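Below is one structure, written out as structure tokens; the observations come after it.
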Amino acid sequence: MFINGCIIKQYKLSGDLFIKSEEYKKAATEYGKWANIEPENSKPFVSLSVAYYLQEDYKKSAEHLMKAFEMDTVLSKEAVGFYEELLAMDNYPWNAFYNGAEAFMKERQLAAALKLIEEAEKINDKESKAMSFVLHGQIYIAQEEENKALPYLLKAIELDADNVNAYIYLGEVYSNLGNPSEAITYLKKAIVIDTENFTACKLLGENYLETKKYDLAIEMFEKASSLTDDSSAILYNLAHAYLQKEDYVRAKNVAEKILDLPEIDSVTTAEAYILLGISSFYTEKYNESIEALKKAIEADPDNCDSYQLLAHSYNKIEKDSLSKEFSKKWEDCVAK
């Protein structure tokens, strides 16, 4: 028994020394040996949690800490206190459970993520608790259970009125629920807090587009585009907003910008050529429209819009046989 006690102390001491020297894998090995000798003692599992946390293996870190707390909360908190002092870290359990929940969520292991975020929510610190509620809401969004996400996101802003992510995810939830006006309300608050937030600008632009506020949509898409390396999705929405405003010159310019992007896929290429085709059609440049739409078909033969628009363009220049041909192709495409 005495020998076992000495060995256990040696494993813990060695592990702690490896933590201090930032050799975290070696620390985990030593703590693992300790856990094998004392599998019913919660303390080595706290130590393992810390070693994995410092390796940024947040899933294993959270799992070991959860196991420790389930075994013995009092002893686990005692062990946690030692490592918080050793590492000059506050609220280690919250950090472990929150980061673990986030890691599980990213890998779509949502049941595990929910279990951990419920532990993280036990913290008293308002900002950390609000962050936990936001992540809880995100997990429900990932499960496509927006109505369950809402109360957590609303509780987050009650605790922390400056939590920009809470407003963004509220905007996303209301967008998904088909309530763009409510989405705009929360996304505007996000923009006030962080004027350079790409996601907030993007979502706000989409909801302005949905509510036919085209000037505001253009403003947001322009801002979002300036915050990233010209995302094709943002530029497509920007061009679409210009089309809705009947500003065909600017719509065409944006479509050309999409085509100049490096390594765009065939679907995006086709959509850009369709935008060019529409812009040319409405400025009565029917031959230009036809050329653009032919390129759209080359890029993506399964995009049925190209055939329909070609039929209209040929009709405008009185090439009835070609118009009928592409009308038939459109019908066949839609029927697939």
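For the chain, what is the Kirkwood hydrodynamic radius in Å, using each pair of distinct C-alpha atoms? Provide the component values of the computation, followed by the final result.
Numbers: mean 1/r = 0.0418 Å⁻¹.
About 23.9 Å, per the Kirkwood formula over Cα pairs.
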Practice task
For Glu222 paired with Leu322, estimate the spin-label separation in nm (one decimal), with each label point 7 Å from Cα along the Cα-to-Cβ line.
Solution key: 3.7 nm
Handout entry: Note, ³J(HN,Hα) from phi for region 183-194, Karplus 6.51, -1.76, 1.60, rounded to Hz, x at Gly and Pro
Key = 4, 4, 4, 6, 5, 5, 5, 5, 5, 4, 6, 9
Fill in the blank from the handout: Quick P(r) readout (region 1-112; Cα-Cα; 5 Å bins; whole %) gives 2, 14, 22, 25, 20, 10, 4, 1, 1, 0
Fill in the blank from the handout: Candidates Met66, Met105, Met89; GNM for the chain (alpha-carbon contacts under 10 Å) flags as most fluctuating Met89
Exercise for the section: Report, in deg cm²/dmol and to the nearest 500, the calculated mean residue ellipticity at 222 nm for the chain, where each DSSP H run with n ≥ 4 adds -39500 (n - 2.57) and the sum is divided by the residue count. Expected result: -26000 deg cm²/dmol
Handout entry: Coil-residue GluC sites (Glu not before Pro) of region 14-121, DSSP, other Cβ within 10 Å capped at 12
Key = Glu22, Glu40, Glu56, Glu107
Handout entry: Residue-by-residue Karplus 3J(HN,Hα) for region 84-94, coefficients 6.51, -1.76, 1.60, Hz, glycine and proline x
Key = 4, 5, 4, 9, 6, 10, 8, 6, 4, x, 4
Fill in the blank from the handout: Simple SL model, points at 7 angstrom along Cα→Cβ for Lys245 and Val334; separation in nm is 3.1 nm
Fill in the blank from the handout: Here D for region 137-225, in µm²/s, from Stokes-Einstein with a Kirkwood Rh over Cα pairs at 37 °C and 0.692 mPa s, works out to 257 µm²/s
Fill in the blank from the handout: Residue by residue through region 131-138, the couplings from Karplus 6.51 cos²θ - 1.76 cosθ + 1.60 with θ = phi - 60°, in Hz, x for Gly and Pro, are 4, 5, 4, 5, 5, 4, x, 4
Problem - Between 0 and 90°, nearest 10: helix 110-120 axis offset from the chain longest Cα axis - result: 50 degrees
Practice task
Report the trypsin sites (Lys or Arg not before Pro) located in region 192-226 that are in a DSSP loop and have at most 13 other Cβ atoms inside 10 Å of their Cβ, or state none.
Solution key: Lys212
Fill in the blank from the handout: Output for region 77-164: chymotrypsin sites (Phe, Trp or Tyr not before Pro) sitting in coil per DSSP, at most 16 other Cβ within 10 Å, listed by number, reads none
Handout entry: Highest-MSF residue in the chain out of Leu153, Leu135, Leu87 [GNM, Cα springs under 10 Å]
Key = Leu87
Completion exercise
Between the Cα axis of helix 58-71 and the main Cα principal axis of the chain, the angle (0 to 90°, nearest 10) is 40 degrees
Exercise for the section: Sum up the charges of everything whose Cβ sits under 10 Å from the Cβ of Gln10, counting Lys and Arg as +1 and Asp and Glu as -1, but leave Gln10 out. Expected result: +2
Fill in the blank from the handout: So the angle from the long Cα axis of helix 320-335 to the longest Cα principal axis of the chain, reported in degrees to the nearest 10, equals 30 degrees
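Rule-based calculations on the coordinates, nothing more; no lab input. On a predicted model such as this, the values are computed, not experimentally measured, just so you know. Reconstructed Cβ throughout: ideal geometry from the backbone, glycine too, with neighbour counts over all protein chains shown.
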